2 protein chains.
Amino acid sequence: MKKIGVLVGVCLSALLLASCGTSGSTSSSGSKAKGSYQTTGTANSGEYKGIITNGRYRTSKSRGVGVSQNTENMLNLKSFESGLTTISKDHFSPKSYVFQEGQILSKGTVENWLGRKSKDNPEGLNPKDNGKKDANKRNPIYVQQIEEQDYMKEENGKLHLAGITIGIGMNRKDYYQKEEYGATYTTDIPKEQMIAEGKKAAAKVLARLRSYNAVGSSMPIVIAMYQQAPNDSLVGGTFYATTVSNSGTQMGTWKATDLKNYVFPVTDTDTVPSKNDADSFDNFKNKIQNFFPNLAGVTAQAQYDGDSLQGLNVTITTQFYSETEITSFTQYVAKAAQTYLPSGIKVDIQIQGSDGSVQSFVARDNGDKGFYTHVFSSY
Amino acid sequence: MKKIGVLVGVCLSALLLASCGTSGSTSSSGSKAKGSYQTTGTANSGEYKGIITNGRYRTSKSRGVGVSQNTENMLNLKSFESGLTTISKDHFSPKSYVFQEGQILSKGTVENWLGRKSKDNPEGLNPKDNGKKDANKRNPIYVQQIEEQDYMKEENGKLHLAGITIGIGMNRKDYYQKEEYGATYTTDIPKEQMIAEGKKAAAKVLARLRSYNAVGSSMPIVIAMYQQAPNDSLVGGTFYATTVSNSGTQMGTWKATDLKNYVFPVTDTDTVPSKNDADSFDNFKNKIQNFFPNLAGVTAQAQYDGDSLQGLNVTITTQFYSETEITSFTQYVAKAAQTYLPSGIKVDIQIQGSDGSVQSFVARDNGDKGFYTHVFSSY
């Protein structure tokens, strides 16, 4: 009797294991369509699904160009890309479109376009080198980064390209060296000139894109113009205009956008769209920074659409002496955020130790009332 | 008419500001009791509230000792303290007790107790230096850390101390130098000896605590014994026994606990309580690590109570080339975690860039079904 019991037990585990394995390999790969693609699935409604082929993410054909074009200030890459996705949602709803990293423009193509025009590089969108070293006499680099995002639709179980968003990052400041490893100089580019050069570049990019068979003449193409933030900025740049081309090389009217980023706390010389918001943040900061005998650093990135605050990314840094201090502080920060920070907007608060490692965070999504808190634990 | 409109507008903003200010200063300070204390409030049910006096957290009287006693492996401090809080919840329910950082034992006192016994330090819990340098002949340091946690109750609007938890961290390995700045040697301490020395130390600590007026003879005191992890361990140590003294220097019976921590993936020479769990993790890891053309590193801390998995802290590190990659990867990880990782347990997954900075995370609380995902954004 005992032996049989053991035998049944073994079979049962074998069955359980087998069934585990099966259910695993089916649902693991995300929602599987009739065709050959799979998606990442979406964790939150309002987010795009991404595309997986053979268990691997379909990365951009120009993967890595954005990183190398923004080495001096990575915030320009982060804000550029998350902004592009946000703008795309207005045109290609996540309900009916699947996101794909750009598959039309290759790394080599984008790098050529971002270069200067020359005999070797006739496709360069930036002016040829005139040999001058003087900040006001040289030809600056206007176009700093270009990114393609593809938006796909499913038909008969297959995905096909149904829309493209192109972001173009323009410089207001072009940093350059007069000699290799030399000091860094800056050519300032007036806003009007940046806008004019951006329009020229956008027209060229649009025409070139249309020449790809995969794009053709009637694919909707959204173009979003982005002003790069200076290298020393603690926030990324600004999208200043968008347009849509529904067919051919005809560009729709340019629509001005006014998404601007600011740093809190503000100094006496800074101007921000709303003094109320800045004061709210200061009250929050004052409440927080004296919680421990040692001071906590409290700063924030604030995003505005015109005069209207859209969201805050707060970073709090302090030295903790125990896990219980982290838990108590996190509770306190959530309470203070609820009381002092403007309501209704998205708030992200990262709480870091003195070594910069994230210890906990507090977040509220757009429109939510309460804050979610999470303390990163360790066994 | 226009002038009046403007005037009313100004008054309105002033009123709004004023009302903002008032509501702020009332609810800001946490729940205010009739007495003079305030608390941090609690963000999640099941967590303790902490104590604030005059807008400042009441930090431990021995603040900082834990940090300096665990410099070689901070995981020993993290797991020791979070474990102490967990053990305390069994004795002092967060529903009726408020947490206070230890206020009885001062920094000097704890430091003296953690020292060796000597003429100058008669209170040292560790044996006197016998002058020997040989690993097996010298007297090792048995007691590595001591922490006090206070649990308070409210009566008539005032808080009073109603229970104490004392954690004692014991070495199985004592690291030492034969000469200043010299090589590090190790004295191994057999498990039985660690347990015996721990009991002796616990009895002394209990008797000394009872001699404080603030404690007295009838205060419940929980004592939790912790085995320190080796310096090179990727997880913290283990609580191996607890006891309660309800009055006097009488110790209750020692209750063995079996909370152990492991690292996943396991190597061929490791033994873990459940091969199933280790296999589940390996499947998850395999699914994740090939998502991008570049490999992702996937490791985890696993906590077991006996043979039963309690929770996983997973760390995934990979190089991202865009924000959209982070979003897609996070969605994919949440889906894979749902499919492959054991259900019902607490799971924390931190997703880091190649520079170690946290980019997003995926978490499931004990008993929850779905995963919460969050991508840290930047403007």
*Using a label position 7 Å from Cα in the Cα→Cβ direction, what is the ascending list of nm distances from B:GLY297 to the same site in the other copies?*
2.5
*Net charge, A:ASP305 excluded, C-beta distance under 14 Å - Lys, Arg +1, Asp, Glu -1*: -1
_Charged-residue dipole, Cβ positions (Lys, Arg, Asp, Glu), region A:262-375 about Cα centre, Debye nearest 20_ = 280 debye
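Contact order normalised by length for chain A, with contacts defined as Cα pairs under 8 Å and 6 or more residues apart; what percent is it?
Details: 687 pairs, mean separation 35.0, N = 379.
Normalised by residue count, the contact order of chain A is 9 percent.
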*So what does log10 I(q)/I(0) come out to for the protein assembly as shown at q = 0.07, 0.08, 0.09, 0.11 Å⁻¹, using the Debye formula with one equal point on every Cα and no solvent?*
-0.64, -0.81, -0.98, -1.26
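Residues of A:75-85, mean number of Cβ from any other protein chain within 10 Å of their own Cβ, rounded to a whole number? Spell out each step's value before the answer.
Values: counts 2, 0, 4, 8, 4, 2, 7, 9, 2, 3, 3.
Per residue, the average neighbour count from other chains is 4.
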*Residue of chain A nearest the A-to-B rotation axis [by Cβ], rounded angstrom distance*: A:VAL358, 2
*Helix hunt in chain A: which complete DSSP H runs extend at least 24 Å axially by C-alpha with mean Kyte-Doolittle at least -0.5?*
A:2-27, A:191-210, A:323-340
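What pairs from A:LYS369/B:LYS335; A:LYS49/A:LYS153; A:LYS78/A:LYS128 go past 23 Å between their alpha carbons?
Values: A:LYS369/B:LYS335 27 Å; A:LYS49/A:LYS153 11 Å; A:LYS78/A:LYS128 29 Å.
Those over the limit are A:LYS369/B:LYS335; A:LYS78/A:LYS128.
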_Under 5 Å between amide hydrogens, which residues at least 5 positions from A:GLY163 or on another chain qualify, with H placed 1.01 Å from N in the peptide plane?_
A:TYR151
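Can you compute the charge dipole magnitude of chain A about its Cα centre, using +1 on each Lys and Arg Cβ and -1 on each Asp and Glu Cβ, nothing else charged? Give it in debye, rounded to the nearest 20. Write out the running numbers ahead of the final one.
On the way: 41 positive and 36 negative charges, 287 e Å.
Dipole magnitude for chain A comes out near 1380 debye.
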_If each label sits 7 angstrom from Cα along the C-beta direction, how far apart, in nm, is A:ASP355 from its counterparts in the other copies?_
1.8
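In debye, nearest 20: dipole of the protein assembly as shown around its Cα centre with unit charges on the Cβ of K, R (+) and D, E (-)?
600 debye
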*Fully extended, how many nm does the chain gain between B:GLN319 and B:LYS204 (0.36 nm per residue separation, minus their Cα-Cα distance)?*
36.2 nm
*Residue-by-residue Karplus 3J(HN,Hα) for region B:364-370, coefficients 6.51, -1.76, 1.60, Hz, glycine and proline x*: 9, 7, 2, x, 6, 9, x
*Long-range amide H partners of A:GLY41 with built H, under 5 Å*: A:SER31, A:GLY50
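Taking 8 Å as the Cα distance limit and 6 or more residues as the minimum spacing, I'd like the relative contact order of region B:262-375 as a percentage.
On the way: 203 pairs, mean separation 25.3, N = 114.
Reported relative contact order: 22 percent.
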*Scan around B:GLN144 for amide H atoms under 5 Å from its own, H built in the peptide plane at 1.01 Å from N, and keep only partners 5 or more places away or cross-chain.*
B:GLY169, B:MET170, B:ASN171
_Which of B:THR40, B:THR71, B:ILE195, positive extreme of dipole for region B:38-257 (C-beta unit charges)_ = B:ILE195
*Got a number for the accessible area of A:GLU180? Probe 1.4 Å, square angstrom, nearest 10.*
150 Å²
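Mind checking the mean number of beta-carbon atoms from other chains within 10 Å of the Cβ atoms in B:290-303? Display every interim value, and only then the final one.
Working: counts 4, 7, 4, 4, 2, 0, 0, 0, 0, 0, 1, 3, 1, 3.
Partner-chain Cβ atoms within 10 Å, mean over residues of B:290-303: 2.
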*B:ALA203 label points, 7 Å along Cα→Cβ, one per copy: pairwise distances from this copy to the rest in nm, shortest first?*
9.3
_If you count only protein heavy atoms and use a 1.4 Å probe, how large is the accessible surface of B:LYS61, to the nearest 10 Å²?_
100 Å²
*Please give the average number of partner chain Cβ atoms lying within 10 Å of the Cβ of each residue in A:52-59, rounded to a whole number.*
4
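The values are calculated or read from the model by the stated rules, or taken from the named source; none is laboratory data. These numbers come from a predicted model, not from an experiment. As a convention, Cβ positions derive from the backbone with ideal geometry for all residues, glycine included, and neighbour counts pool all protein chains shown. Quick note on the areas: whole protein, heavy atoms, side chains included, nothing else; ligands and nucleic acids left out. Shrake-Rupley method; radii C 1.70, N 1.55, O 1.52, S 1.80 Å.
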